[in-house]
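The values are calculated or read from the model by the stated rules, or taken from the named source; none is laboratory data. Just so you know, these numbers come straight off a predicted model, no measurement behind them. Here the Cβ positions follow ideal geometry from the backbone for every residue, glycine too, while neighbour counts run over all protein chains shown.
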Amino acid sequence: GNSVTQMEGPVTLSEEAFLTINCTYTATGYPSLFWYVQYPGEGLQLLLKATKADDKGSNKGFEATYRKETTSFHLEKGSVQVSDSAVYFCALSPDGGGTSYGKLTFGQGTILTVHP
Amino acid sequence: EAGVVQSPRYKIIEKKQPVAFWCNPISGHNTLYWYLQNLGQGPELLIRYENEEAVDDSQLPKDRFSAERLKGVDSTLKIQPAELGDSAVYLCASSSKSYSGTQYFGPGTRLTVL
């Protein structure tokens, strides 16, 4: 079945540091890939997505590139801020139709804390 | 545009009691999802609706969980009777009908079963 593996956290950084959160997946075909962010006390918000190989999703300074050859979708940001402190989830949605359509499979989440 | 609305935000009940959660999706979104999020884990799909039809309920524990979306708009998820292990956050999400439609999540209902 489909699965998503994220690097274990928590991750603690100083403001303006470089961020990488690793994400690898297992799925057949060409799933769509997502990063969601969950701020304290809030629901999940879509951060960025990519729907085909070599696509780069980007938003709010965050980037992730869909790498089919390494089945990865690592999240990066060049300079983190205190306001980026949150839980980050990598997820996939399988391609094709049928009952699996739209079924997001999430990783376990990575807690990011950014200190001033 | 209003987001996905869920209520209540928090619920504390005794074990063996019933509980219900309500979700109103984004206007015009045909697809509605209920997810379960245990502490320190990613969300797991419980059930997915296309309009009023439950098209994927394979992960819903049907002995105690039930859900409905009678008019294809808002939805209710019920647990009866609740068990200690049901303590978690219950998330609702919705999307428009497109192949890689983005799912928009509500704030969730945090359930504590004592």
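Values for this structure:
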quantity: Residue list for region B:71-92, restricted to those being in contact (Cβ under 8 Å) with a residue 60 or more places away in the chain and among the polar types (S, T, N, Q); calculated: B:Gln80
quantity: Some residue of region A:88-103 being modelled with pLDDT of 90 or more and of a type in the set (Asp, Glu); calculated: no
quantity: Long-range neighbours under 7 Å by Cβ, at least six apart or interchain, first residue more than 17 Å from B:Pro18 (Cβ to Cβ) within region B:43-70, second part of a strand (DSSP E or B) and polar (S, T, N, Q); calculated: B:Pro43/B:Gln37; B:Arg48/B:Thr31; B:Tyr49/B:Thr31; B:Tyr49/B:Ser75; B:Glu50/B:Thr31; B:Arg69/B:Ser75
quantity: Which listed residue is within 12 Å of chain B (Cβ to nearest Cβ), at negative phi, more than 9 Å from the chain's Cα centre (by Cα) and of a type in the set (S, T, N, Q), from A:Thr51, A:Thr113; calculated: A:Thr51
quantity: Strands (runs of 3 or more DSSP E) lying entirely in region B:1-73 (those with 3 or more residues that are more than 9 Å from chain A (Cβ to nearest Cβ)); calculated: B:10-13, B:19-24, B:31-37, B:44-50, B:65-68
